[in-house]
Amino acid sequence: ASGVEMCTEGNGAEPPDALVCRLCDAVFDNPRTLMCLHSFCFGCLRERALSAGDEGLRCPTCDTINLLPLNSLLRDLDLIKRVEEWTGGAGAAPA
């Protein structure tokens, strides 16, 4: 069983791989984009940065060293929108 089974809010099915953080195996939560353009949950990146110390945060996908402070990483707005659409959190017009 995968860690994404609990994240089936959208249509009762597992989320597409593109909406799943490769660090926590859950639907992205507050995704941030590294300098190499790979995205991960902000919380996942924060945990990795704390363990990395002064060496810099390495991308878990391509091993590129990210020299930017965590708070300056851009939110992945496209990914946030796609997660909201999948979970039903976007496009709900007020009645």
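The values are calculated or read from the model by the stated rules, or taken from the named source; none is laboratory data. Keep in mind that this is a model prediction, so the values were computed, not measured. Neighbour counts run over all protein chains shown; Cβ positions are idealised from the backbone, glycine included. Ligands, DNA and RNA are stripped out before the accessible areas are found, and what is left, the full protein with its side chains, is counted by its heavy atoms. Shrake-Rupley method; radii C 1.70, N 1.55, O 1.52, S 1.80 Å.
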(message) If I go through the range 16-46 residue by residue, how many of them are more than 21 Å from Trp86 (Cα to Cα), touching a residue at least 12 places away in the same chain (Cβ under 8 Å), of a type outside the set (Lys, Arg) and open to solvent by 60 Å² or more (accessible area, probe 1.4 Å)?
(response) 1
(message) Go through the range 39-60 and report how many residues are modelled with pLDDT of 90 or more and assigned to a loop (DSSP other than H, G, I, E, B).
(response) 2
(message) Considering only residues that are open to solvent by 50 Å² or more (accessible area, probe 1.4 Å) and either in a strand (DSSP E or B) or not aliphatic (A, V, I, L, M) (or both), which ones fall in the range 61-79?
(response) Thr61, Cys62, Asp63, Thr64, Ile65, Pro69, Asn71, Ser72, Leu74, Arg75, Asp78
